[in-house]
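Undergrad: Quick one: structure below, then a few questions.
The values are calculated or read from the model by the stated rules, or taken from the named source; none is laboratory data. As the structure is a prediction and not an experimental result, all values here were calculated from the model. FYI the Cβ positions are ideal-geometry reconstructions off the backbone, even for glycines, and counts take in every protein chain you see.
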Amino acid sequence: MNRINRFASAAVVLLSLGGFVGARGALGQESPKTLKDQLAGTWRLASINNLRVDGTKYELFGPHAKGIVIFDSTGHYSFQIMRAVRPAFVSENRMEGSSEENRAAVQGMISHFGTYEMNERDHLIVFRIEGSSYPNWDKTEQKRAFTLLGDQLAWSDPSAGPRSGDLQSDLIWRRAR
C-alpha cells in the first residue's frame with residue numbers, strides 16, 4: 001500500500017471514530033468539562049459573610065448557618081439557607097404557629113428554585129427564579145459573579161438584605177460528597 005492510500009485509510013478510520021476522539025480527547029483522555037458540567041451537583045454552605053454598606057458585619061442567618069444548593073445538568077436548581085437553630089413551634093401543626101413563631105421561621109431562612117444558565121465568558125450564574133420563600137423574588141432573574149475552583153464555589157449576593165443594596169452576602173460552598 002503506498003503512502004497516500006495508507007494516509008487515506010488512516011483518515012477514514014479517524015473520521016469514523018471522530019465521536020470517540022472528540023468525546024474522549026487525544027489518547028483516550030476526557031475533554032475538559034465546561035463550567036456548567038463542573039457546577040452540576042450538590043453544594044453545601046461552608047460560610048456566609050454578610051456586610052452592611054458601612055462595612056459592619058450582620059448575622060442574617062446567625063452563626064453556623066446551614067445551606068444547600070443543587071444544580072442539575074438540565075439547567076434546574078434548588079437553593080436553601082437557614083439558621084442553624086430556629087425555635088420550634090409550640091403546636092405540632094405548622095399551620096397553627098403564632099405570629100412570633102412564623103416570623104422567626106420566615107426570617108431565619110431563604111429558599112428559591114427555578115432554572116439557571118451559565119455565562120462562561122463572564123463567569124456569571126443567571127438564576128431564573130420560579131418560586132421563592134420571599135415572594136418578591138418570584139418570576140425574577142438574578143445574576144451572580146462566581147468563582148469555581150475544584151470543589152469550592154463562591155459568589156456574592158448584593159441583594160441579600162431587607163432592602164436590595166443595603167447588605168451584601170459573600171457565600172462559599174463546598175461540593176457535597
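Undergrad: Pick from R52, R86, R121: which is farther than 22 Å from R177 by Cα, modelled with pLDDT under 90, of a type outside the set (V, I, T) and assigned by TED's automatic domain parsing to the domain that holds L148? Give the derivation first.
TA: Numbers: R86 fails: modelled with pLDDT under 90; R121 fails: modelled with pLDDT under 90.
That would be R52, the only listed residue that is farther than 22 Å from R177 by Cα, modelled with pLDDT under 90, of a type outside the set (V, I, T) and assigned by TED's automatic domain parsing to the domain that holds L148.
Undergrad: At least 2 residues that are closer than 29 Å to E117 by Cα and basic (K, R) in each: list the strands (runs of 3 or more DSSP E) lying fully within region 25-105 that qualify. Break it down stepwise before answering.
TA: On the way: elements: 41-52, 66-71, 76-82.
Result: 41-52.
Undergrad: Residues of region 104-134 being among the basic types (K, R) and either in contact with an Asp or Glu (Cβ under 8 Å, 6 or more places away or on another chain) or under 22 Å from I48 (Cβ atoms) (or both), which ones? Steps first, answer last, please.
TA: Step one: of region 104-134, the residues among the basic types (K, R) are 121, 128.
R128, the sole residue that qualifies.
Undergrad: Please work out which residue is nearest to K66 (Cα to Cα), limiting yourself to region 111-126 and to residues that are in a strand (DSSP E or B) and touching a residue at least 60 places away in the same chain (Cβ under 8 Å). Working first, answer last.
TA: Quick first cut of region 111-126, residues in a strand (DSSP E or B) only: 111-119, 124-126.
Add one more test, that the residue is touching a residue at least 60 places away in the same chain (Cβ under 8 Å), and what stays is 118, 125.
On the way: M118: 25, I125: 21 Å.
Here the residue is I125.
Undergrad: Would you check if there is a residue in region 152-170 being in contact with a helix residue (DSSP H, G or I) (Cβ under 8 Å, 6 or more places away or on another chain) and either without any contact (Cβ under 8 Å) to a residue 12 or more places away in the chain or surrounded by fewer than 17 Cβ atoms within 10 Å (Cβ to Cβ) (or both)? It would help to see each step written out before you state the result.
TA: The first filter runs over region 152-170 and keeps only residues in contact with a helix residue (DSSP H, G or I) (Cβ under 8 Å, 6 or more places away or on another chain), leaving 153.
Among the residues that remain, those that are also either without any contact (Cβ under 8 Å) to a residue 12 or more places away in the chain or surrounded by fewer than 17 Cβ atoms within 10 Å (Cβ to Cβ) (or both) are: none.
For region 152-170, residues in contact with a helix residue (DSSP H, G or I) (Cβ under 8 Å, 6 or more places away or on another chain) and either without any contact (Cβ under 8 Å) to a residue 12 or more places away in the chain or surrounded by fewer than 17 Cβ atoms within 10 Å (Cβ to Cβ) (or both): absent.
Undergrad: Taking the residues in region 111-129 that are over 10 Å from the mean Cα position of the chain (by Cα) and among the β-branched types (V, I, T) as candidates, determine which candidate is surrounded by the fewest Cβ atoms within 10 Å (Cβ to Cβ).
TA: T115
Undergrad: Is it the case, given these coordinates, that W155 is touching a Lys or Arg at 6+ places or on another chain (Cβ under 6 Å), aromatic (F, W, Y), under 25 Å from G62 (Cα atoms) and not in a helix (DSSP H, G or I)?
TA: Numbers: touching a Lys or Arg at 6+ places or on another chain (Cβ under 6 Å): yes; aromatic (F, W, Y): yes; under 25 Å from G62 (Cα atoms): yes; not in a helix (DSSP H, G or I): yes.
The answer is yes for W155.
Undergrad: Oh, and also: Hey, among A65, A8, A46, which residue is modelled with pLDDT under 85 and either of a type outside the set (S, T, N, Q) or under 30 Å from L167 (Cβ atoms) (or both)?
TA: Details: A65 fails: modelled with pLDDT under 85; A46 fails: modelled with pLDDT under 85.
None of the others qualify; the one that does is A8.
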